[in-house]
Every structure is written in structure tokens, then in C-alpha cells.
Amino acid sequence: MAWIPMIPEDKAERGLKDWYDKLREPWGGVDNILRIHSINIPTLKGHYELYQSAMKGTRDLTGKQREMIAVVVSTVNQCHYWIVHHGAGLRKITRDSDLVEQIIKDYKKADIPKQDSTMLDYVVKLTKEPGSMVEADVQTLRDAGFSDVGILDIVQVAGYYAYVNRLADGLGVELESIWDEKKPVH
């Protein structure tokens, strides 16, 4: 269980119950990464809005590209919670378990377009060495065909996963029990 209290869904009252109702997943519950905010509803709202902006943002990045960023940033950060969640998301989009496994192991060896590889190189550098980023890194993305809006999206998605990786690992957020029934991602 997480290292701070999470209010169970059946104990949620008023505003929290409304949020839980809004965030209920098709499997029937609320993901633990959102339930971790249950003792501070404003952070739950902020987290949800940030997620929506990062993962449902503009049309300049595909859902597949967003999921690849999520998986690669989470892999660099060794965040099991998000590798599992977004490994499944990427698998759903691609319908290719082998590709997802290769992206988790080493995206550089995965059969992906050069543009996506360039994008992932950028997010790895941003994740590992944010202070060493230079304008030339952004130019590399432009040269690969990304618009400035797409580049902003890349940074937003990478930044979101830097945040939620630390949220999950910093507070001991465990996978939901639904994942016990599924094949592990790696």
C-alpha cells in the first residue's frame, strides 16, 4: 500500500466522490496514481488537468508517440507503475507486444521511424540531463519534422512523466489489483 493514506472509493464524500465518479476507469475503479491525491483534492484536480493537457493535447503528436514517450521516460526513471500502465497503452495502440518490449528494453533497437527515434533521444536527454539541453536539441526535432507545437507537446509529455514517476515512486504507489490478472509488461 502507498506510504500516505488514500481514501477508499467507498469512503469518499462530497467533492472527492464526484472526482472518483469522474475518474472511474473501465475496469471499475480509480487508478491509484490519482487516488494518492485523495487527501488533497486540489492536487487531484491539477494532476488530472495536467494529464489531459499532456496526453490529449494537440494533433501535432500521435497517441502512439505520446505513449512511447511515457514508456521511455518511465523506463529511464525505472518507474514500474508507469512502465506497466503505458506499456499496456502502447500495446493497445500498436497491437504489437514485441515492439513494446523492445522499446522498454532499448528503443534504439526498435523498428520505429527515424522521427520517433529522434524524439525519444531528445526525451532521454531531457530526462537524464535537463540542465544540458541546448537550442540545438530543439533544432534537431525541427529538422526531424516536428512543429514547434509538437516540440512543446514532446516536452510537456516528458515533463508530465518525470512528475508522475516521482509521485508513484516517492509515495510507494502500487499497481491496482487488476494488473495481478494481466501479463506483466517486462
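The values are calculated or read from the model by the stated rules, or taken from the named source; none is laboratory data. Just so we're clear, the structure is a prediction, and the values are computed from it rather than from any experiment. Every residue, glycine as well, gets a Cβ built from its backbone with ideal geometry; the counts of neighbours run over all protein chains shown. Side chains included, ligands, DNA and RNA excluded: accessible areas come from the protein's heavy atoms. Shrake-Rupley method; radii C 1.70, N 1.55, O 1.52, S 1.80 Å.
Computed quantities for the displayed model
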{"read-out": "Thr62 paired with Leu23, simple spin-label distance in nm, labels 7 Å along Cα-to-beta-carbon", "value": "3.0 nm"}
{"read-out": "Built amide H within the under 5 Å cut-off of Ile39, gap 5+", "value": "Ile7"}
{"read-out": "Solvent-accessible surface (1.4 angstrom probe) belonging to Leu126, in square angstrom, nearest 10", "value": "40 Å²"}
{"read-out": "Region 72-166 - percent relative contact order, Cα under 8 Å, separation 6 or more", "value": "36 percent"}
{"read-out": "Net charge dipole size for the chain [Lys, Arg +1 and Asp, Glu -1 on Cβ; Debye, nearest 20]", "value": "140 debye"}
{"read-out": "Whole-Å semi-axes of the chain's equivalent ellipsoid (Cα gyration tensor)", "value": "30, 18, 15"}
{"read-out": "Accessible area in square angstrom per residue, region 113-186, 1.4 angstrom probe", "value": "52 Å²"}
{"read-out": "Solvent exposure, largest accessible area first (probe 1.4 Å, DNA, RNA and ligands not counted), of Arg166, Arg95", "value": "Arg95, Arg166"}
{"read-out": "Potential extension, Val149-Glu13 segment - 0.36 nm per residue separation minus Cα distance", "value": "45.0 nm"}
{"read-out": "Choice from Asn40, Asn32, Asn165 showing the highest fluctuation, given a GNM over the chain with Cα pairs closer than 10 Å", "value": "Asn40"}
{"read-out": "Options Ile7, Leu171, Val157, ranked by Cα towards positive dipole end of the chain, top entry (Cβ charges)", "value": "Ile7"}
{"read-out": "Largest-first principal axis extents of the Cα set of region 42-138 (Å)", "value": "41, 34, 28"}
{"read-out": "Portion, in percent, of the accessible area of the chain that falls on carbon or sulfur, probe 1.4 Å", "value": "52 percent"}
{"read-out": "Within a Gaussian network of the chain (alpha carbon springs, distance under 10 Å), most fluctuating of Trp82, Trp19, Trp27", "value": "Trp27"}
{"read-out": "Within the chain, helix-based [θ] at 222 nm, where runs of 4 or more DSSP H residues each add -39,500 (n - 2.57), nearest 500", "value": "-19500 deg cm²/dmol"}
{"read-out": "Pair Ala2, Tyr51: separation of 7 Å Cα→Cβ label points (nm)", "value": "1.1 nm"}
{"read-out": "By average C-beta atoms within 10 angstrom, highest first, the peptides 131-139, 52-60", "value": "52-60, 131-139"}
{"read-out": "Selected from Ser38, Tyr81, Gln139, residue furthest toward positive end of dipole (the chain; charges at beta carbon)", "value": "Ser38"}
{"read-out": "Calculated FRET efficiency for the pair Arg95/Ala136, C-beta based, R₀ 30 Å, to 0.05", "value": "0.25"}
